[in-house]
Amino acid sequence: MVNSNTSALGIIFPNSYDTLVPDLVNVRLMASIPFASRYRLIDFILSSMTHCGIDNISVLVNNNYHSLMDHLDSGREWDLVRKNGGLHIFPPFAEKSAKPYTGRVTALANILDFLRDEKEKYVVMTDTNVVVNFDFSDMIRAHIESGADVTVAYNQQELPEGLMKSLSNDQGYYYTFDMEDGRITKIYVNAKDSGVQNFSMNFYVVERELLIDLVNTAFVRGQEFFERDVLLPRLNKLNVRGYKYDGYVARICDMKSYFDENMKLLDEYNLDALFSGSQIYTKIRDDNPTRYIEGAKARNVMVADGCVIEGDVEDSVLFRGVKVAKGAKVKNCILMQDSVVEAGANIEYLIMDKNVTITAGKEMKGTGSFPVYIDKFQVV
Amino acid sequence: MAKEMIAMLLAGGQGSRLYALTEKLAKPAVPFGGKYRIIDFPLSNCVNSEIDTVGILTQYQPLVLNEYIGNGQPWDLDRLYGGVHVLPPYQKASGSDWYKGTANAIYQNISFIERYDPQYVIILSGDQICKQNYSDFLKFHKEKNAEFSVAVMEVPWEEASRFGLMVADEDDRITEFQEKPKDPKSNLASMGIYIFNWDILKKYLEEDEADPESDNDFGKNIIPNLLKDNRRMYAHHFSGYWKDVGTISSLWEANMEILDPEHSGINLFDEDWKIYSRNSGMTGHKISDGAVVENSMITDGCRIKGTVKHSILFAGVKVEKGAVLEDAVVMGGTVIKAGAVVKHCIVAENVTIGENAVVGAMPAGEENGVATVGAGVVIGNNAKVGPNAMVKNNVEGGEEVW
């Protein structure tokens with residue numbers, strides 16, 4: 001490692017907040033939820049990390065991770081096939097007492113030996129439900145300059161309704177905080193306050209040695225949650241600082257926000273805000289370009305490669321390999337990979353998972369406040 | 001371990017008849033079909049036919065091509081033993097030579113071929129759009145117990161004299177070879193794709209090299225010599241889509257034919273015979289409210305606000321409001337500004353076409369030229385590029401080029 005003083009390794013928690021979108025994670029996890037016509041949520045974090053020279057990345061998978069393994073494969077698409085570092089996937093270690101991870105602490109405790117062996121000075125930890133094109137180098141720089149023990153990225157926004165509604169205390173946690181001169185003085189768990197809050201993105205920078213210490217201590221005491229059990233009680237001892245992020249943030253908090261955040265990208269201002277930074281890598285499928293056949297109509301749509309469009313599509317996001325047959329009408333829909341809308345079908349406000357087929361002539365409509373979700377491989 | 005068959009891909013062609021498009025890159029690197037380059041076709045054919053060792057012979061402007069091929073990973077040709085290798089001419093102890101002809105290019109790489117100790121070598125050409133199963137071709141070669149086989153296409157008799165023709169008996173054995181003859185005795189055109197038994201190929205390459213009079217060319221020298229010696233030579237009939245995209249009009253035509261896979265024969269939407277390429281990695285394309293897209297192919301990164309009819313757009317093309325495209329092939333990264341009219345033409349990569357500029361025109365009567373704009377050119381506002389124009393340099397605002 002040429003510059004090990006500023007080097008960092010990445011740790012990703014791909015199952016965080018799975019409970020927010022139970023339908024979408026039925027056969028997958030948060031990290032592998034399709035987003036923005038050709039990506040999976042984890043692509044944004046992975047690409048952001050590799051662009052910042054973080055090329056030793058561990059993904060601590062907990063359950064339902066087959067789709068993620070398939071997506072990540074060797075990590076080549078993110079340039080993570082490395083002799084030193086590269087991509088590591090850590091499932092829970094299988095022994096008699098093996099249980100899925102309950103919180104960050106239990107997950108990290110599982111890889112303490114690995115962490116001890118690594119060379120990087122810092123650790124960057126993230127979830128995957130926050131979609132950003134993020135500059136981790138700048139956050140690490142801020143962490144070093146401020147002399148913080150732990151730096152947490154946050155943005156300022158109102159708390160999403162979906163999050164407040166769906167997260168009860170036994171399902172998981174989100175965090176807001178009070179700050180003084182950049183130092184976090186108070187952490188609130190599952191706050192219900194209205195108005196703009198300092199809302200944690202759960203991106204952390206911390207020195208590797210310190211993290212090992214903190215996790216070790218907490219784990220021995222049977223504690224599970226990094227924020228609630230490790231940071232919160234130590235706010236007076238540890239210098240925990242906030243790193244304010246002003247860039248484009250899309251948070252997946254429930255089905256509605258998943259729908260809305262996809263649709264928001266139809267506005268070019270948002271699309272540019274998310275994608276004009278460094279390139280977001282994803283798995284390559286080698287689809288042909290999308291074909292618009294005579295008679296096709298498309299207005300205000302984002303469409304990936306491999307689609308064949310003969311019908312009428314409007315205000316929608318189409319993933320790779322979608323087919324819309326003649327006379328079909330698609331409005332305000334998210335159609336995931338390889339879904340098919342047969343001739344004359346008429347659909348509105350649907351979220352169609354992979355390989356769904358709407359048969360000829362069928363009509364199906366959700367509403368803006370309640371988009372209807374159709375599970376993988378269903379035939380309607 | 002020996003390989004049964006390896007491929008040698010001739011990619012050194014300058015493609016001078018593509019003019020402005022091949023100023024800075026070799027013909028096989030010319031973009032095609034929205035997200036491909038010409039060389040993706042033979043490379044994908046190889047990997048789909050389970051040929052895992054390909055030597056690519058480059059010579060003219062190899063930079064783009066070399067970078068594009070890289071380690072061959074997009075075609076699954078990054079292999080421990082074999083894989084794709086770019087083979088430019090190189091200096092030897094006894095001097096150096098450019099590749100003098102197609103046969104000489106292979107001759108200079110005999111040592112490359114011998115590393116794999118193949119039984120058969122297939123010679124491919126890097127300037128054709130074609131989906132062909134080379135393992136079927138090899139099966140034919142073995143069944144006929146041939147020493148040399150060539151892939152042939154039946155062409156209309158009236159066009160036969162434009163091609164190199166194979167005259168064959170009812171068993172497909174070749175009895176005569178005619179190079180662009182006035183009186184064709186056959187309508188079986190050579191596609192320039194050959195399978196040789198390696199021992200035979202090596203022998204004839206060495207003999208050809210020793211002949212100072214030779215042009216060191218497969219068509220002119222090697223094939224006639226094989227015939228003279230009464231070798232077992234067979235013609236393998238191919239009936240799928242095949243197009244030599246050596247000229248501007250044939251390149252344009254081949255692109256347009258993709259828009260009509262039901263009739264033209266080239267089907268890129270074939271899950272069983274994918275064409276692989278190096279991907280742009282851009283986001284999905286965006287079609288705005290008010291845009292019109294009809295009968296076109298659009299790929300990642302495009303932003304369409306204007307009207308696009310019967311056209312092929314490559315990655316990252318921007319069509320601003322009020323711009324109109326028809327019968328156009330527009331390569332990656334090009335920006336077409338508001339009100340510009342772009343028709344019946346090929347626009348290369350990273351071109352800017354200014355506001356209200358006019359490029360090309362739909363055919364009218366005898367006039368059916370395909371206007372061509374070279375890579376990186378800037379066409380000024382209100383400029384006009386005529387249907388026969390070949391633009392390599394920037395065109396000032398208001399200027400006209402014919």
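So for the stretch A:99-113 (the condition being aliphatic (A, V, I, L, M) and either touching an Asp or Glu at 6+ places or on another chain (Cβ under 9 Å) or at pLDDT 95 or above (or both)), does at least one residue qualify? Yes, the stretch A:99-113 contains at least one residue that is aliphatic (A, V, I, L, M) and either touching an Asp or Glu at 6+ places or on another chain (Cβ under 9 Å) or at pLDDT 95 or above (or both). Of the residues that make up the stretch B:345-362, is at least one hydrophobic (A, V, I, L, M, F, W, C), in a strand (DSSP E or B) and closer than 21 Å to B:LYS286 by Cβ? Looking for residues that are hydrophobic (A, V, I, L, M, F, W, C), in a strand (DSSP E or B) and closer than 21 Å to B:LYS286 by Cβ, one finds at least one in the stretch B:345-362, hence yes.
For B:TYR204, the requirement of being within 14 Å of chain A (Cβ to nearest Cβ) and buried (at least 16 other Cβ atoms within 10 Å of the Cβ) is not met.
Quick one: would you say B:GLU159 is at pLDDT below 95, within 22 Å of the chain's Cα centre (by Cα) and either outside any strand (DSSP E or B) or surrounded by 19 or more Cβ atoms within 10 Å (Cβ to Cβ) (or both)? The answer is yes for B:GLU159. Only one of the numbered conditions (1) assigned to a helix (DSSP H, G or I); (2) surrounded by fewer than 20 Cβ atoms within 10 Å (Cβ to Cβ) is violated by A:PRO92, and that is (1). Scanning the stretch B:307-316 for residues that are buried (at least 24 other Cβ atoms within 10 Å of the Cβ) and either at pLDDT below 95 or closer than 24 Å to A:LEU274 by Cβ (or both) yields a count of 2.
Restricting attention to the stretch A:260-285, the residues that are assigned to a helix (DSSP H, G or I) and touching a Ser or Thr at 6+ places or on another chain (Cβ under 9 Å) total 6. Looking at the stretch A:8-36 only, could you name the residues that are in contact with a Lys or Arg (Cβ under 8 Å, 6 or more places away or on another chain), over 21 Å from A:THR106 (Cβ atoms) and among the small types (Gly, Ala, Ser)? Within the stretch A:8-36, A:ALA8, A:SER32 meet the criteria.
Filtered by the rule that a residue be over 22 Å from B:GLY246 (Cα atoms) and among the small types (Gly, Ala, Ser), the stretch B:119-151 gives B:SER135, B:ALA146, B:SER149.
Residue by residue, here is whether (1) more than 14 Å from every other protein chain (Cβ to nearest Cβ); (2) surrounded by fewer than 17 Cβ atoms within 10 Å (Cβ to Cβ); (3) not aromatic (Phe, Trp, Tyr) holds:
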{"position": "A:ARG234", "(1), (2), (3)": "yes, yes, yes"}
{"position": "A:LYS237", "(1), (2), (3)": "yes, yes, yes"}
{"position": "A:GLY242", "(1), (2), (3)": "yes, no, yes"}
{"position": "A:VAL249", "(1), (2), (3)": "yes, no, yes"}
{"position": "A:SER257", "(1), (2), (3)": "yes, no, yes"}
{"position": "A:ASP267", "(1), (2), (3)": "no, yes, yes"}
{"position": "A:LEU271", "(1), (2), (3)": "no, no, yes"}
{"position": "A:PHE275", "(1), (2), (3)": "no, no, no"}
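When the stretch B:109-137 is examined, which residues are found to be under 22 Å from the mean Cα position of the chain (by Cα) and in a helix (DSSP H, G or I)? Correct list: B:TYR134, B:SER135, B:ASP136, B:PHE137.
All conditions but one from (1) buried (at least 19 other Cβ atoms within 10 Å of the Cβ); (2) small (Gly, Ala, Ser); (3) outside any loop (DSSP other than H, G, I, E, B) apply to A:GLY321; the one that does not is (3). The residue that is surrounded by the most Cβ atoms within 10 Å (Cβ to Cβ), among those in the stretch B:169-199 that are modelled with pLDDT of 95 or more and either of a type in the set (Gly, Ala, Ser) or in a helix (DSSP H, G or I) (or both), is B:TRP198.
If you go through the stretch A:170-210, how many residues are small (Gly, Ala, Ser) and out of contact with any strand residue (DSSP E or B) (no Cβ under 6 Å at 6 or more places or on another chain)? Total meeting the criteria: 3. Considering every residue within the stretch B:12-24, establish whether at least one is at pLDDT below 95, in contact with a Ser or Thr (Cβ under 6 Å, 6 or more places away or on another chain) and closer than 23 Å to B:ILE275 by Cβ. So far as the stretch B:12-24 goes, yes, one or more of its residues are at pLDDT below 95, in contact with a Ser or Thr (Cβ under 6 Å, 6 or more places away or on another chain) and closer than 23 Å to B:ILE275 by Cβ.
The lone criterion from (1) modelled with pLDDT of 95 or more; (2) assigned to a loop (DSSP other than H, G, I, E, B) left unmet by B:PRO387 is number (1).
Among what's in the stretch A:292-311 and is facing another protein chain (nearest Cβ under 7 Å), in a loop (DSSP other than H, G, I, E, B) and within 13 Å of B:HIS285 (Cα to Cα), pick the residue that is nearest to the chain's Cα centre (by Cα). Filtering the stretch A:292-311 for residues that are facing another protein chain (nearest Cβ under 7 Å), in a loop (DSSP other than H, G, I, E, B) and within 13 Å of B:HIS285 (Cα to Cα), the one nearest to the chain's Cα centre (by Cα) comes out as A:ALA304.
Return a yes/no flag: does the stretch B:329-343 have any residue that is on the phi > 0 side of the Ramachandran plot and at pLDDT 95 or above. Checking the stretch B:329-343: at least one residue is on the phi > 0 side of the Ramachandran plot and at pLDDT 95 or above. On the stretch given as the stretch A:324-333, residues that are under 28 Å from the mean Cα position of the chain (by Cα) and surrounded by 24 or more Cβ atoms within 10 Å (Cβ to Cβ) total 2.
The values are calculated or read from the model by the stated rules, or taken from the named source; none is laboratory data. Quantities reported herein were computed from a predicted structural model and do not represent experimental measurements. Ideal geometry is used to build each Cβ from the backbone, glycine not excepted, and the neighbour counts take in all protein chains shown.
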